[in-house]
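What follows is a short report on a single structure.
The values are calculated or read from the model by the stated rules, or taken from the named source; none is laboratory data. Quick caveat, the model's predicted, so the values are computed rather than measured. Cβ: placed from backbone, ideal geometry, glycine included. Neighbour counts: every protein chain shown.
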Amino acid sequence: MIITNANLFQGRKGFVTGSMCVQGGRIRKILPPGSVMPDTDPEEWIDAGGAYVIPGLIDVHTHGNMGYDFSDGEADGLAKMGRYLAAHGITSFAPASMTLPYDRLERAFSAAADYCRTRPRDGAHLAGIHMEGPFLSEAKKGAQNGAYLREPDNEAFFRLQKAAGGLIRIVDIAPELTGATEFIRAVSGHCRVSVAHTQATYEETVRAFDAGAAHVTHLFNAMPPLHHRRPGVIGAAFERKDVTIELICDGKHIHPAVVKMAFSLFPGRICLISDSLRCLGMPEGTYELGGQEVILKDGQALLPDGTLAGAASNLFDDMVNVIRWGIPPEDAIPAATQTPARVLGRQEQTGSLEEGKMADFLICDRDWRLQAVYLGGIRL
C-alpha cells in the first residue's frame with residue numbers, strides 16, 4: 001500500500017509533501033514528490049488529497065473509557081478500552097492503575113499481560129503499564145484512595161512487575177516518603193520512576209532525580225505550585241534536561257497560558273496525557289474510581305467534595321486543544337507521539353513516521369479532524 005499526495009509529519013521539519021509505502025505492517029519507504037513508486041499494485045495506492053499524515057498517538061497515562069477502568073482487572077473491559085483508543089487515534093497506550101490493595105493491582109497487571117497476547121486487531125497496542133500509586137503523599141493524594149496509600153516497597157513492586165510480565169514502564173512515587181530514595185535506586189534500572197502526588201521540596205526532588213527518577217506525573221497537578229523562593233518539583237524538573245513531564249490538556253486541569261509556558265520551559269520533554277477515567281465517552285452521571293464516587297458533569301470529573309479527579313477527554317482532542325492554543329504542530333505532535341514512545345522505551349518501534357517503524361498512523365484534515373486510523377498498515 002502507498003499513501004500518495006500526503007503531507008507527512010517529519011518532526012522538526014514539519015510537514016513534507018510526499019508518499020509513504022507500507023508493507024508487512026511497517027513503513028517501508030518515505031518518498032519525496034515525483035519519486036518512482038516501488039513495485040506495488042496501483043489499486044493499493046491511496047490518494048490522501050493533501051491531508052496531514054501523523055504518527056499514531058501514544059497515551060502514557062489513561063485509566064479508562066467507555067465505562068471501564070484498567071484497575072477493574074477485566075480482560076473484556078481492557079479490550080473495549082483498547083478499541084475505543086484506537087478508533088480515536090491513540091494507537092498505543094500505557095494504562096494507569098489506581099491506589100488499591102496489592103491483590104487488585106496484581107489482577108489488573110496480569111490482565112494487561114494477557115491483553116498483549118490476545119490484543120484484538122482493532123485495539124491499540126498496550127506498550128506498558130503506568131503504576132500510579134500506592135506510594136503517594138496523603139496530603140496530595142487528589143482522587144487517589146487514601147485508605148490504600150503505602151510506604152515505598154521494593155518487594156511489592158518486583159512482585160507486581162512479575163505479575164505484569166515486565167510491563168511496568170512507569171512507577172510513581174512521592175520523594176518525601178520514608179524510603180523513597182532507596183526505592184528509586186532499586187527500581188530505576190527496571191522502569192522509569194516518576195515524581196507524583198507529592199509535597200516534595202526542591203531539595204527532596206533533586207535527591208530523587210539524583211537517585212534515578214526521570215519523569216514527573218501530570219505537572220502542576222497534585223503538587224505545590226512554583227514559588228520564587230520555593231521552586232519545588234517544577235523548578236527541579238526544569239533544571240534537569242533528562243527529565244520528562246506530563247501535561248493534562250483538557251482545558252480544565254491547566255490553563256492554556258500555563259500550557260504554553262510549559263512548552264517554553266520544557267522543550268522536547270513533554271508528554272501530553274489524557275488521564276482519562278471510565279467516564280470518557282459516557283453520559284453525565286456517577287462513576288467509580290479506585291473505590292470512590294466520581295461525578296461527571298459539564299465535562300468535568302469530580303469527587304463529591306469537589307476535588308478534580310481525572311479527565312473526560314481523549315489524547316487526540318487534547319493534542320488538538322494544544323495546537324489551537326497556539327503551540328506549533330512541530331511541538332505539539334511529538335508531545336503526543338515521539339516523546340511518549342521514548343518514555344516507554346518504544347522509540348525504535350513507534351512514535352514517528354520513519355522507515356522500519358510500525359505503520360501506525362493517522363490521516364487528518366487541515367482542521368485537525370480525524371479522517372482515518374491505520375494500525376499496522378490496516379485501516380480501522
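I'm trying to understand the selection: among the residues of the range 119-134, which are part of a loop (DSSP other than H, G, I, E, B) and in contact with an Asp or Glu (Cβ under 7 Å, 6 or more places away or on another chain)? Hits for the range 119-134 are GLU132, GLY133.
Taking the stated definitions as given, is VAL322 touching a residue at least 60 places away in the same chain (Cβ under 8 Å), crowded, with 16+ Cβ neighbours inside 10 Å and part of a helix (DSSP H, G or I)? Judged against the criteria, VAL322 is a match. Within the range 299-343, the residues that satisfy the criterion of being in contact with a Leu (Cβ under 9 Å, 6 or more places away or on another chain), within 16 Å of THR62 (Cα to Cα) and aliphatic (A, V, I, L, M) are ALA301, LEU308, ALA309, ALA311, ALA312, LEU315, MET319, ALA335, ALA336. Of the residues making up the range 136-153, none is charged (D, E, K, R) and more than 27 Å from ALA309 (Cα to Cα).
When ASN65 is tested against the conditions (1) farther than 28 Å from ILE323 by Cα; (2) in contact (Cβ under 8 Å) with a residue 24 or more places away in the chain, the lone failure is (1).
Considering every residue within the range 231-249, establish whether at least one is of a type in the set (Val, Ile, Thr) and out of contact with any strand residue (DSSP E or B) (no Cβ under 9 Å at 6 or more places or on another chain). No, the range 231-249 contains no residue that is of a type in the set (Val, Ile, Thr) and out of contact with any strand residue (DSSP E or B) (no Cβ under 9 Å at 6 or more places or on another chain).
Cβ-Cβ below 6 Å, separation at least six or inter-chain, first residue in the range 90-116 and under 27 Å from GLY376 (Cβ atoms) and in contact (Cβ under 8 Å) with a residue 60 or more places away in the chain, second surrounded by 18 or more Cβ atoms within 10 Å (Cβ to Cβ) and charged (D, E, K, R): which pairs? Correct list of pairs: ILE90/ASP59; THR91/ASP360; ALA94/ARG169; ALA96/GLU132. Screening GLY133 on (1) under 20 Å from HIS218 (Cα atoms); (2) at pLDDT 95 or above; (3) crowded, with 23+ Cβ neighbours inside 10 Å shows it passes everything except condition (2).
Kindly indicate which of ILE254, ILE273, ILE327 is more than 17 Å from the chain's Cα centre (by Cα), aliphatic (A, V, I, L, M) and surrounded by 15 or more Cβ atoms within 10 Å (Cβ to Cβ).
On the way: ILE254 fails: more than 17 Å from the chain's Cα centre (by Cα); ILE273 fails: more than 17 Å from the chain's Cα centre (by Cα).
Of ILE254, ILE273, ILE327, the one residue that is more than 17 Å from the chain's Cα centre (by Cα), aliphatic (A, V, I, L, M) and surrounded by 15 or more Cβ atoms within 10 Å (Cβ to Cβ) is ILE327.
When the range 151-174 is filtered for residues that are touching a residue at least 40 places away in the same chain (Cβ under 8 Å) and over 25 Å from GLN347 (Cα atoms), the ones remaining, listed by number, are ALA156, ARG159.
State yes or no: is ALA312 within 16 Å of THR91 (Cα to Cα), assigned by TED's automatic domain parsing to the domain that holds LEU100 and buried (at least 24 other Cβ atoms within 10 Å of the Cβ)? Full working, then the answer.
On the way: within 16 Å of THR91 (Cα to Cα): no; assigned by TED's automatic domain parsing to the domain that holds LEU100: yes; buried (at least 24 other Cβ atoms within 10 Å of the Cβ): yes.
Spelling it out, it is not the case that ALA312 is within 16 Å of THR91 (Cα to Cα), assigned by TED's automatic domain parsing to the domain that holds LEU100 and buried (at least 24 other Cβ atoms within 10 Å of the Cβ).
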